[in-house]
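Here is the structure we will look at.
The values are calculated or read from the model by the stated rules, or taken from the named source; none is laboratory data. The shown structure was predicted, so the numbers you read here are calculated from the model rather than taken from an experiment. Here the Cβ positions follow ideal geometry from the backbone for every residue, glycine too, while neighbour counts run over all protein chains shown. Accessible surface areas use protein heavy atoms only, side chains included; no ligands, DNA or RNA. Shrake-Rupley method; radii C 1.70, N 1.55, O 1.52, S 1.80 Å.
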Amino acid sequence: MKHSEDDTHNSDDTHSGDSVEAFVPARESDTGTTSTDADDEATVVRSDGGTVDRDSPFETTASVAETRNDRIDRFLEEYIRTPWSILRNDWRALVAFAILGIYFIIGTVGVYLVEPTHPAQGPQLVGAFENWDHPLGTTTNGRDILSMTVHSTPTILIMMASGAAFTVAVGTFFGVVAGYKGGMVDTVLSSITDVFINIPGLPLVIVLATLLEAWINNPVTLGVLLAVAAWAGLARAIRSQVLTIRNESFVEAARAMDMPTRWILIKEILPHLMPYIVVNMVNAARHIIFSAVALYYLGVLPFSDANWGVMLENAYQSGALYRTDALHWLLVPMIAISGIAMGLILLAQSLDRVFNPRIRARHQDIGGDEGLEPDSESETKDMMNV
Amino acid sequence: MNWKIRRLGQGLFTIWAVMTLAFVLTRMMPGNPVDAFVAQIGPELDNPQEAYELAEIYMNINPEAPMHIAYIDYMTAMLQGDMGYSMSQNATVTSIMADAIPWTLFVMSWAIFIGFVVGISLGALMAYWEGSKFDVAFTGYATVLTSIPFYVLALLLLMTFAYRLNWFPTGGRRPTGVEAGFNLPFMLGIIHHAALPVFSMFVASGAASLTMRGNSVRVLGEDYLRVARLRGLPDSTIAVRYVARNAILPMYTGLMIAIGTMFGGAIVLEEIFSYRGMGYYMIQAVRARDYPLMMGAFTVITIAVVIALLIADLTYGKIDPRAGGEDREAF
């Protein structure tokens, strides 16, 4: 009993030893060429194709089976580590995360720290930074501006998130399906898209908001309403991208293998569009905020509580444009809107970098040197200045 | 040719869809404007039945008629240019709109034109000197500009240049006390009034320049530029024919969307500057719940956008021969 157990152990050991011997040299050569350039031994082995101890190249199979851990590792590499290493070196990303993080904290924690304001809470029109009971000053009603700004953040954030999600979901669906399927499906979906592109967005939303007043008083429905005018542009842009992808060899291969259309769309085409979609989602969020605040300012959207747009309108109505003592009332919501927009723009720009294949290759551990193209900056300079 | 006809049909389809939408919304919404109008005005009349006739005069919709007949009546009236009667402005919607359209077109076309010309030139220069101080400075400037909504810039401009410095009028669209017509003071007065609204749209140039910069940088990395240089083509030819042209093409979709949003943006802008264009009347109508005027303004703005996009689309074929003609296999 004990003996046999030893036997199996032995055989196991020898077996694993074999396999290690079989693939270790090849692996070393791989890492050798990528990390350090001058490694003579490794290049020698590599020139032999990395299969020096095999008799026939035809018997060679993948030396390592991809385990679950490898897959997780690859996933982490692709979606977490590489983006992180790019973002870490990009000040725009850091600033963007800082700005958006501050807004998020204000919207979640800040709401509990700053108590809601009410009319006649303080004296009328205290200026900003004059009185530490009201750091950002008060309105003509004596309402605290800091508190109003903080308490409108969650609504705006929810509206932004739901609007952006809706825009991207509908836009991607219409764009991908229309671009890939072609024919009748394309005609129908594209016609719908074109009608929505042709209808000017803000007027449509104003008409809908006026007529649906009773139905749209929570931030999620408001976000979706604002997105009604925004998805079509994305759909058209995505469709034109899909038109170039649909004839690529990997898509044709999948089609030749008789994969279901849904599978091709989700597994083959969508991953190639992800960078584009993510960047557009960030831009959509900015547009939603801009139009939401504009509509609040115009007094078109129904509102139950203060928010940046309503503050803007109240300040405007109180003559903040020509009264110096009310100036802070107008500037605070303006800065709040521009600040979050700035965060979103910087995020979009840095994400653009994350998805740029040239920059990606530079930051990726896996993959060979030959994948690296020369730096675009020096190249273009050479070209234009010679 | 076939494609142009299809594109024209598409424009007409959109206009029809919007008119139908306007009808459906005014007629079938819960608490619909027509019923509300009848309920509101009916009791004040000697003969409550007259309320229905008035509804037809104001909104072109007879609430008593069956839906399909009401729809046909409504569409017939619209096609004849009769958009109903405005309750708040006490004039026909058609005459109000006819008066407002040129002003909005004037302001918006200049805003779009200046925004894109400035944006494209800036973006091209930024890409040309990529990585230089000029590029870094102006990328930062464009980023800041893009994160400011145009209405915030409009309010700031109005505050500074109109209320504080008195350089520009605080509202209105034409000088007072000057005889209207083709005389110099009147023309200058119009430009004076339009300057701030047009300049507010300057923020669009920020977004355009960033897009243009990105596109140009991408084009600058292409092989055909290297070939062009090897062929010994002069710099100016390369810059205009190869770089600019190929970098502007992808911005076309952006321009299309910009036209749509800018006409929408005209509403906010005209409201801020009290510039009596289509958008200004639309907001007045929304505030007064003047549905005929609101729907009329919506329809007119849509038609303006459809025509603008149609022109953009048809001229685009001249810039890019690849546009149009889509014969693709369907899966």
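A few points about this structure:
- One residue from B:G177, B:G115 being under 23 Å from the mean Cα position of the chain (by Cα) and at pLDDT below 85: B:G115
- Scanning region A:55-96 for residues that are over 22 Å from the mean Cα position of the chain (by Cα), assigned to a helix (DSSP H, G or I) and at pLDDT 75 or above gives A:R68, A:N69, A:D70, A:R71.
- Yes/no for B:R226 being among the charged types (D, E, K, R), open to solvent by 50 Å² or more (accessible area, probe 1.4 Å) and out of contact with any Gly (no Cβ under 7 Å at 6 or more places or on another chain): yes
- Some residue of region B:239-256 being more than 7 Å from chain A (Cβ to nearest Cβ) and in contact with an Asp or Glu (Cβ under 7 Å, 6 or more places away or on another chain): yes
- Filter result for B:V203 (free of Cβ contacts under 8 Å to residues at least 12 places away in the same chain, farther than 26 Å from B:D99 by Cβ and surrounded by 21 or more Cβ atoms within 10 Å (Cβ to Cβ)): no
- Unique residue being in a loop (DSSP other than H, G, I, E, B) and open to solvent by less than 60 Å² (accessible area, probe 1.4 Å) when the list is A:A253, A:A229: A:A229
- Filtering region A:287-302 to residues that are in contact (Cβ under 8 Å) with a residue 40 or more places away in the chain and more than 9 Å from chain B (Cβ to nearest Cβ) leaves A:I288, A:A292, A:L301, A:P302.
- If you filter region A:151-186 down to residues that are aliphatic (A, V, I, L, M) and within 14 Å of another protein chain (Cβ to nearest Cβ), you find that the one that is farthest from A:I277 (Cα to Cα) is A:M184.
- Restricting attention to region A:197-206, the residues that are touching a Phe, Trp or Tyr at 6+ places or on another chain (Cβ under 7 Å) and either modelled with pLDDT of 85 or more or more than 7 Å from chain B (Cβ to nearest Cβ) (or both) add up to 1.
- Taken as a whole, the condition of being open to solvent by less than 20 Å² (accessible area, probe 1.4 Å), in contact (Cβ under 8 Å) with a residue 40 or more places away in the chain and at the interface with another protein chain (Cβ under 8 Å from one of its Cβ atoms) does not apply to A:I238.
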